[in-house]
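I have placed the structure first, in the form of structure tokens, so that the comments after it can refer back to it.
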Amino acid sequence: MAQLPDQDLLASLVDTEFIYQNSPSGYLSILPDGTIIRLNHTLLNWLGYGEAEILYQKKFVDILSKGGGIHYEMFFRPMITVNGNIRELNYEILRKDHSSFPALISGQGIYDKSGKLQAVTLAITDITQRNLYEKELLKAKEQAKSEKERFENLAEMSPEMIWTINGEGQLTYYNQETVKYFRVSKKALSTHEIFSRIYPSDKIKLLRKWLVDDYVHAHFTIVLRILNTSLTYEWFKVNVIVPEKYTNDIKWFGTCSSINEHIKAMKRKDDFINMASHELKTPVTVLQSYLQLMQLYPVPDPVKEFLDKSLYTLKKFQFLISSLLNVTVINTGELTLNLSVFSLNNLLEFTIDQLRHTTSTHQLILTMEEKQILVKADMERISQVVTNIVGNAIKYSPAASSVEIKLNYNTATCRAHIQIIDFGVGIAPADINKIFERYYRAEVEKSKPGLGLGLYISQNILLQHASRLTVESEIGKGTTFSFSLPEYRQ
Ligand code: ADP
């Protein structure tokens, strides 16, 4: 068992006089009439008096502000007399130089055997710092409150749904527009309720985004469908960000903008284009057959030249129609692949050779690995991708004289890498993620012919091959498009 400490030893270790004099609190003893009879060094230092100037010379009220003095007479003294003590009263203490500081004062009466008050001992704590902190805290709270109000006022005026979610996944704020869409009372809306109204397959998309993009980039955007009160789904673009300094209340900050009309308009456009391109396809094919038939007959040279030109123009027209039809196929999820095993080297050589006939301005420089790389893919579709990208490389580099096409093999990943490099106008950073959207064309490039579909189709073809088209570009310097395919091994 541990031995009890030696009391004498302990007493010698604790110098009570030193502790009294140098305590972080001020100590003061006064007679019942308020005359100061003792005080410690700490308080003397605070007050700025010499000991002789204050002991038996000053009364307690002399070191209190005017209001404090009145309070002392009306409240402090009677309380000490009746209760024997007082706790943590707030007074302003006056220094010798007439400046003052805020203090908390506690007091204890000392009585003789007959119960008569002999003296009062006071402990004084300087709370200047604490007051400053409190003021700062109050200011910060008020600022946060007014910022919150400002944000909520703005949010209430917005035509978008705006909301905040805390770290536990609970909604901590949502604006009137959100209440209107979900038609629930202000209290009833929960993240669970919102989630239950999202279109089933979009839910999975959202969760994936939330888990991956939110974690990695602290923000994400997603397009999804939410059920309205008439039980139909409407399209929204949802933006979610994690503010740099998030609080208990706000971990995620989100907006939902309605894009229903835009999506409907896109659908109408797609439907029209689909119908028109189908209607055009048959007469163009018939026209082509007649022109090809006419080529079989002996005709004068100028007519032969006109026939060739007509067929060439018709081919371009057919390419446009097939691009439009491709979009329909992609949109309806009907893009199927016709897989076969072939040499990527041969396919590139053949495709680039064909493309060489279409340009007199650019040299197409093809460099390939010695090794024949076999892939299992849709040969025609891959050729279509290369044709699209090389076509763009030529179209968007009018001042350049060459386009480079490279085929490399990565032994670590066993993948074939294809790069198409041009030295043209480049793509602005603001456009780089949008160029794969259908019908998107960078503003600066609208003078060049095109439908804004080539990259959309190419990206979808590669996605179907579990690959992806990536792009690096510098304005005025040029652009490199790349994609890769796994080597086929038996
Ligand atoms: P289109 O060429 O018919 O407009 P695409 O889908 O092929 O459609 O390309 C979309 C947009 O991407 C183009 O309008 C152009 O702004 C930009 N773009 C594509 N390729 C290049 C390139 N090699 N250099 C510069 N801009 C490009």
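The values are calculated or read from the model by the stated rules, or taken from the named source; none is laboratory data. None of the values given here were measured: they were computed from a predicted structure. Glycine gets a Cβ as well: all are built from the backbone with ideal geometry, and neighbour counts include every protein chain shown.
Only one residue in I389, I373, I394, I382 is farther than 30 Å from L287 by Cβ and in the same structural domain as P449 (by TED's automatic domain parsing). Which one?
I373
Going by the structure shown, is Y233 of a type outside the set (G, A, S) and modelled with pLDDT under 90? Explain how you work it out, then say what you get.
On the way: of a type outside the set (G, A, S): yes; modelled with pLDDT under 90: no.
Taking the combined requirement at face value, the residue does not satisfy it.
Checking Q318 against (1) part of a helix (DSSP H, G or I); (2) more than 30 Å from F436 (Cβ to Cβ): exactly one of these is not met. Which one?
Of everything listed in (1) part of a helix (DSSP H, G or I); (2) more than 30 Å from F436 (Cβ to Cβ), Q318 misses just condition (2).
Which residue pairs have Cβ atoms closer than 6 Å, lie 6 or more positions apart in sequence or on different chains, and pair a first residue in the range 269-289 that is farther than 18 Å from R438 by Cβ with a second residue that is β-branched (V, I, T)?
Pairs that qualify, where the first residue is farther than 18 Å from R438 by Cβ and the partner is β-branched (V, I, T), are L280/I321; K281/I321.
Considering only residues that are among the hydroxyl-bearing types (S, T, Y) and under 27 Å from the mean Cα position of the chain (by Cα), look in the range 440-479 and name the one that is farthest from I405 (Cα to Cα).
Looking at residues that are among the hydroxyl-bearing types (S, T, Y) and under 27 Å from the mean Cα position of the chain (by Cα), I get Y440.
Looking at I36, I86, can you tell me which residue is β-branched (V, I, T), assigned by TED's automatic domain parsing to the domain that holds E17, within 17 Å of S25 (Cβ to Cβ) and at pLDDT below 90?
One residue alone meets the criteria, I86.
So in the range 434-458, with the set limited to residues that are more than 7 Å from the ligand (Cβ to nearest atom) and of a type in the set (G, A, S), which one is nearest to L337 (Cα to Cα)?
S458
Name every residue in the range 252-310 that is of a type in the set (G, A, S) and surrounded by 12 or more Cβ atoms within 10 Å (Cβ to Cβ), in order of residue number.
In the first step, residues of the range 252-310 are kept if they are of a type in the set (G, A, S); the result is 254, 257-258, 265, 276-277, 289, 310.
Across the range 252-310, the qualifying residues are G254, S257, S258, A276, S277, S310.
What strands (runs of 3 or more DSSP E), lying completely within the range 168-271, carry at least 2 residues that are in contact with a Ser or Thr (Cβ under 9 Å, 6 or more places away or on another chain) and under 30 Å from K141 (Cβ atoms)?
The strands (runs of 3 or more DSSP E) meeting that bar are 171-174, 233-241, 252-258.
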